[in-house]
There are 2 protein chains.
Amino acid sequence: MNKIIVLYKRPAGKPALGDFKTEIEDVPTADDGEVLLKTRYVSVDPYLRGRMNDEESYIPPFELNKPLQSGIIAEVVDSNNTLFKVGDFVLGNLDWKEYQVSNGKGLRTIPNDPAYLTAHLGILGMTGMTAYLGLTKIGAPKPGETIVVSGAAGAVGSVVGQVGKLLGCRVVGLAGSDEKVELLKSKFHFDEAINYKTTTDLSAAIKTACPAGVDVYFDNVGGPISDAVLNNINKHARIPLCGAISLYNAAEPVLGPYIQPVLVKKSALIQGFIIGDFAAHLPEATKQLTSWLMEGKLTYSETIYEGFDHITQAFLALFEGSNEGKMIVKI
Amino acid sequence: MNKIIVLYKRPAGKPALGDFKTEIEDVPTADDGEVLLKTRYVSVDPYLRGRMNDEESYIPPFELNKPLQSGIIAEVVDSNNTLFKVGDFVLGNLDWKEYQVSNGKGLRTIPNDPAYLTAHLGILGMTGMTAYLGLTKIGAPKPGETIVVSGAAGAVGSVVGQVGKLLGCRVVGLAGSDEKVELLKSKFHFDEAINYKTTTDLSAAIKTACPAGVDVYFDNVGGPISDAVLNNINKHARIPLCGAISLYNAAEPVLGPYIQPVLVKKSALIQGFIIGDFAAHLPEATKQLTSWLMEGKLTYSETIYEGFDHITQAFLALFEGSNEGKMIVKI
């Protein structure tokens, strides 16, 4: 028997367990040209929340009563496709199923090196590329400039901070617990880190942490945290806007001060982006991040849940900020 | 005797007559290397409001009890500077004084052609360059794309729309009266124009006027008008952010829906700018706009107040939206 997780209801506000349903079907068989895949590691990411709404976005919404999808590492357990053999590990945007068949389209074989296997869902995968390309292509930091990162202890933010340091910048991280703040400084070598939950005047704290002002703000969260950073940007600041996790679950638009006046005053740039905007630069990003990782210049954190039945919980936990680094479910 | 207008109080919210004071001094005399200038035309512009606040911005704030300044066309009435002779007309960022001396620094001689004299304060001056460079360098519209312009009947907006048409785009203007809407269509050849004050559902009206969505939004106003446009932007939209006149007079930050989610969803770019950001491109812009103007491909409107004593009123009228095109005071 084969378990699958489908979207049962579109979440109203924050997603809940009842929005998802586990169904049972027969394990499928691989026809000519197909492979049978066994799911090994499932990536859960904040952007999936957007696909749960019934609205046009950069990717089509999930359909009700159809399986959810995300980045998955699977093992080939049967193959009628000459490009893949039994025992291969592949990466793809796959269904939340224990077993599934694929014609191989969109699958990429990855080395089964236990030390770096899950890195392909994180620092060498979508989140690492997003961090590297958003920072370098939009933020374009120059050595000596100051970078602020929100969601700094997350899968994207922790890479942004490390890459910023490798590029010779001062890096300040914003995160939601003292443990994360400590981790940013000790493990990821941020120059400063601020717990936005316990800081009364975040804007003033950012000012203290960034005596020369903020040149690049890598924004994962939006909302009031970003307002506090905007208070401190320098002339010609660049803001790669990667996500807005603080606003994803709002049933109604959240209100805050209009940001146009500060953007005009500072000749500042905000650029929303997804990794697909930089498809042409993926090889360059992969090469650079792999090289830094192998040289020991980059590190990463993972929060690993275990068991197919915990995929949904892992996803929900993202919105509690309970993950450190990349959230992954090991099956 | 020489009249001068000084900033008497920093405006709280919308500026009022009492924030300004007219003072009398002796007419100065030109020393060695100096010229004596008689003010002929004074430009009043929304951006001056920002300089009246006591806060750091892209230009230093005006000082209390010191003369205000703006773009001015003056006549040389006495000269001890070999670069200027009596009767020359010059353009510069000058004090609000009937007469003033200058060492010539920052002054540019302009042809005393009555047909185009004031154009040097508008379409061939700061506002025209701002329109052309913001649209082409940030908006980068491609033929067939749709451009929406807010503050469309203003000095910048009316040039943006015309340049957009010359570049082969569909152009839709937002303005605050039926007369302006009519003018945009009849005189400036906008494809559509919308009176945002009388339209109940502005977002829906923009959708109707832009069946293929909005690729470039040239934003002069910020606030709820901009929110309505943001509802209709296409993937990879570009938003040159030139001003935020709807928010300049607010004593407290004005609240609206956070815009980060739509920017992420659409991979959209907002770039605040001032003309100085594109200093290297000013010759190219001057050449192109002059050429189009001489070929009769561009036109412009001016609202002319008369008399030195009416400079302040003309400035205040900008915030009532009572001007069509460039607001100028003829002395």
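The values are calculated or read from the model by the stated rules, or taken from the named source; none is laboratory data. Note that the coordinates shown come from a computational prediction; the quantities given were computed from them, not determined experimentally. Cβ: placed from backbone, ideal geometry, glycine included. Neighbour counts: every protein chain shown. Heads up: the accessible areas ignore ligands, DNA and RNA and are worked out on the full protein's heavy atoms, side chains in. Shrake-Rupley method; radii C 1.70, N 1.55, O 1.52, S 1.80 Å.
The criterion of at least 1 residues that are at the interface with chain A (Cβ under 10 Å from one of its Cβ atoms) and either closer than 24 Å to B:G173 by Cβ or at pLDDT below 95 (or both) is met, among helices (runs of 4 or more DSSP H) falling completely within segment B:217-301, by B:223-230, B:260-265. Picking from residues in segment A:49-89 that are within 20 Å of B:I233 (Cβ to Cβ) and charged (D, E, K, R), the one that is most open to solvent (accessible area, probe 1.4 Å) is A:E56.
When you scan segment A:107-124, do you find a residue that is at pLDDT below 95 and under 30 Å from B:I233 (Cβ atoms), even just one? Checked segment A:107-124: no residue is at pLDDT below 95 and under 30 Å from B:I233 (Cβ atoms). Tell me, please, whether a residue that is over 16 Å from A:P67 (Cα atoms) and of a type in the set (A, V, I, L, M, F, W, C) can be found in segment A:9-23. Yes, segment A:9-23 contains at least one residue that is over 16 Å from A:P67 (Cα atoms) and of a type in the set (A, V, I, L, M, F, W, C).
Looking at A:A244, is it small (G, A, S), over 24 Å from A:Y47 (Cα atoms) and either open to solvent by less than 10 Å² (accessible area, probe 1.4 Å) or within 24 Å of the chain's Cα centre (by Cα) (or both)? It would help to see each step written out before you state the result.
Details: small (G, A, S): yes; over 24 Å from A:Y47 (Cα atoms): no; either open to solvent by less than 10 Å² (accessible area, probe 1.4 Å) or within 24 Å of the chain's Cα centre (by Cα) (or both): yes.
It is false that A:A244 is small (G, A, S), over 24 Å from A:Y47 (Cα atoms) and either open to solvent by less than 10 Å² (accessible area, probe 1.4 Å) or within 24 Å of the chain's Cα centre (by Cα) (or both).
The set of residues in segment B:224-241 that are β-branched (V, I, T) and open to solvent by less than 20 Å² (accessible area, probe 1.4 Å) comprises B:V229, B:I233, B:I239. Within segment B:171-190, the set of residues being closer than 23 Å to B:P224 by Cα, in contact with a Ser or Thr (Cβ under 8 Å, 6 or more places away or on another chain) and open to solvent by 60 Å² or more (accessible area, probe 1.4 Å) comprises B:D178 only. Of the residues making up segment B:191-199, at least one is assigned to a loop (DSSP other than H, G, I, E, B) and open to solvent by less than 50 Å² (accessible area, probe 1.4 Å).
Closer than 26 Å to A:G18 by Cα and in contact (Cβ under 8 Å) with a residue 60 or more places away in the chain - does that describe any residue in segment A:75-94? No, that holds for no residue. Is segment A:306-327 home to any residue that is open to solvent by less than 40 Å² (accessible area, probe 1.4 Å), more than 11 Å from chain B (Cβ to nearest Cβ) and free of Cβ contacts under 8 Å to residues at least 60 places away in the same chain? Checked segment A:306-327: at least one residue is open to solvent by less than 40 Å² (accessible area, probe 1.4 Å), more than 11 Å from chain B (Cβ to nearest Cβ) and free of Cβ contacts under 8 Å to residues at least 60 places away in the same chain. Out of A:V216, A:V221, one residue alone is assigned by TED's automatic domain parsing to the domain that holds A:G144, buried (at least 18 other Cβ atoms within 10 Å of the Cβ), touching a Cys at 6+ places or on another chain (Cβ under 8 Å) and touching a residue at least 12 places away in the same chain (Cβ under 8 Å). It is A:V216. In the set (1) part of a strand (DSSP E or B); (2) of a type outside the set (D, E); (3) assigned by TED's automatic domain parsing to the domain that holds A:K38, A:S322 fails one condition alone, (1). When A:Q100 is tested against (1) open to solvent by less than 50 Å² (accessible area, probe 1.4 Å); (2) without any contact (Cβ under 8 Å) to a residue 12 or more places away in the chain, only condition (2) is not met. Quick check, is B:N195 outside the structural domain of B:K326 (by TED's automatic domain parsing) and touching a Cys at 6+ places or on another chain (Cβ under 6 Å)? In short, no.
Using the structure shown, decide if B:G128 is buried (at least 24 other Cβ atoms within 10 Å of the Cβ), under 10 Å from the mean Cα position of the chain (by Cα) and not in a strand (DSSP E or B). It is true that B:G128 is buried (at least 24 other Cβ atoms within 10 Å of the Cβ), under 10 Å from the mean Cα position of the chain (by Cα) and not in a strand (DSSP E or B). Listed by first and then second residue, the pairs with beta-carbon distance under 7 Å, at least 6 apart or on different chains, first residue in segment A:115-126 and more than 17 Å from A:G296 (Cβ to Cβ), second of a type in the set (G, A, S), are A:L121/A:S43; A:L121/A:G71; A:G125/A:G71; A:M126/A:G71.
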